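What follows is a single structure, written as structure tokens, with notes after it.
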Amino acid sequence: MVLTEDNLNCIKIASEVIKNSKYITALTGAGVSVESGIRPFRGPGGIWTERGEPSMDGYQKFLKNPKEHWENLLKNRGSGLLGSNVSEVKPNAGHYALYELEKMNILKWILTQNIDDLHNLAGSKNILEIHGNAGKYRCINCEKRFDKKILKIHVTPPKCPDCGGIIKGDTVMFGEPIPKNVLNRCFEEARKSDCMIVAGTSAVVHPAASLPIIVKRNGGKLIEINPRATELSEICDVVIQANSGESLPALVDSLKRFF
């Protein structure tokens with residue numbers, strides 16, 4: 001998709017909005033990573049659209065028999081939670097543009113619904129992963145996160161070395177509460193924001209969908225970047241109907257006039 005004249009005009013307006021804002025955050029969704037080859041979960045080409053959505057009581061099943069869950073997990077490791085070989089997937093221009101905004105001290109935090117770690121791989125530091133990270137593990141008791149080295153603990157299920165709690169994959173299952181430390185920080189950042197860039201998300205899945213609403217209710221500005229209109233579009237101050245991989249780098253270039 002080539003940026004249209006309308007897109008470019010909206011990007012110019014968005015850069016003016018950002019210039020006049022003091023605390024900018026970004027909420028990102030699956031659309032940002034689609035351009036890296038990661039399939040979305042829902043919608044056209046979605047993994048769940050093709051295979052059906054996972055069981056809504058997945059977390060309860062895990063709690064009932066974590067040993068069986070871990071045995072299946074280790075047996076099927078690498079089968080492709082994201083519908084692709086994540087180790088071969090690379091950040092795209094949209095991810096790098098958000099990192100550039102952080103380096104320019106414009107973007108304070110990325111609040112992401114994605115579990116693919118691509119924001120981190122692009123260099124961004126201030127990231128809140130609402131739904132977890134497919135490459136990490138987490139204690140369900142103290143919420144401490146671990147990398148894959150925790151799998152060297154030859155116990156099924158592995159136990160947290162700090163508190164003895166059961167460890168599971170960091171990604172949030174259906175029926176599982178989002179870790180309080182992450183969720184509370186997301187709400188805190190939304191309340192601080194006087195501008196939020198909403199990129200690649202339909203903003204219908206809660207609690208992430210409520211974050212832009214908080215910004216708007218507090219008098220902040222919303223900049224939406226999505227090739228299709230969403231339920232959020234009507235309340236956004238600027239709507240850029242284009243892919244994030246093209247529009248975010250163009251936004252960075254436009255902002256360089258001011259910063």
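Among the residues of the stretch 167-181, those that are out of contact with any Cys (no Cβ under 7 Å at 6 or more places or on another chain) and buried (at least 18 other Cβ atoms within 10 Å of the Cβ) comprise K168, G169, D170, T171, V172, M173, P179.
Out of C163, C139, C186, one residue alone is surrounded by 14 or more Cβ atoms within 10 Å (Cβ to Cβ), over 30 Å from I223 (Cβ atoms) and not polar (S, T, N, Q). It is C139. If I ask for residues that are under 14 Å from the mean Cα position of the chain (by Cα) and loosely packed, with under 15 Cβ neighbours inside 10 Å, which ones from the stretch 104-136 would you list? Hits for the stretch 104-136 are K125, N126. When only residues in the stretch 193-218 that are of a type outside the set (V, I, T) and touching a Pro at 6+ places or on another chain (Cβ under 8 Å) count, which is surrounded by the most Cβ atoms within 10 Å (Cβ to Cβ)? Out of the qualifying residues, it is M196. Looking at this structure, is T156 farther than 22 Å from S33 by Cβ and either in contact (Cβ under 8 Å) with a residue 60 or more places away in the chain or part of a helix (DSSP H, G or I) (or both)? For T156, the condition - farther than 22 Å from S33 by Cβ and either in contact (Cβ under 8 Å) with a residue 60 or more places away in the chain or part of a helix (DSSP H, G or I) (or both) - is met.
Name every residue in the stretch 1-20 that is out of contact with any strand residue (DSSP E or B) (no Cβ under 8 Å at 6 or more places or on another chain) and under 22 Å from R228 (Cβ atoms), in order of residue number. Explain how you work it out, then say what you get.
The initial filter retains those residues of the stretch 1-20 that are out of contact with any strand residue (DSSP E or B) (no Cβ under 8 Å at 6 or more places or on another chain), namely 1-6, 8-9, 12, 15-16, 19-20.
Residues satisfying the conditions are M1, V2, L3, T4, E5, D6, L8, N9, K12.
Criterion first (of a type in the set (S, T, N, Q) and in contact with a Gly (Cβ under 9 Å, 6 or more places away or on another chain)) does S233 satisfy it? Criteria not met by S233. I'd like to know if the stretch 94-107 contains one or more residues that are under 25 Å from E35 (Cβ atoms) and among the β-branched types (V, I, T). Yes, that holds for at least one residue. Taken over the stretch 95-143, the residue count meeting the criterion of being touching a residue at least 40 places away in the same chain (Cβ under 8 Å) and assigned to a helix (DSSP H, G or I) is 8.
Using the structure shown, decide if I223 is under 23 Å from L101 (Cα atoms) and surrounded by 16 or more Cβ atoms within 10 Å (Cβ to Cβ). Before the answer, list the steps.
Details: under 23 Å from L101 (Cα atoms): yes; surrounded by 16 or more Cβ atoms within 10 Å (Cβ to Cβ): yes.
Spelling it out, I223 is indeed under 23 Å from L101 (Cα atoms) and surrounded by 16 or more Cβ atoms within 10 Å (Cβ to Cβ).
Of all residues in the stretch 177-205, those that are charged (D, E, K, R) have Cβ atoms under 7 Å from Cβ atoms of residues that are not in a strand (DSSP E or B), 6 or more apart or on another chain, in R191/I214; R191/N218; K192/Y23; D194/S21; D194/K22; D194/Y23; D194/G220.
Selection of the stretch 238-259 for residues being farther than 15 Å from L3 by Cβ and surrounded by fewer than 15 Cβ atoms within 10 Å (Cβ to Cβ) yields K256, R257, F258, F259.
Only the coordinates and a few stated rules stand behind these numbers; no lab work does. Everything numeric here is computed off the predicted structure, so don't read it as measured data. Cβ: placed from backbone, ideal geometry, glycine included. Neighbour counts: every protein chain shown.
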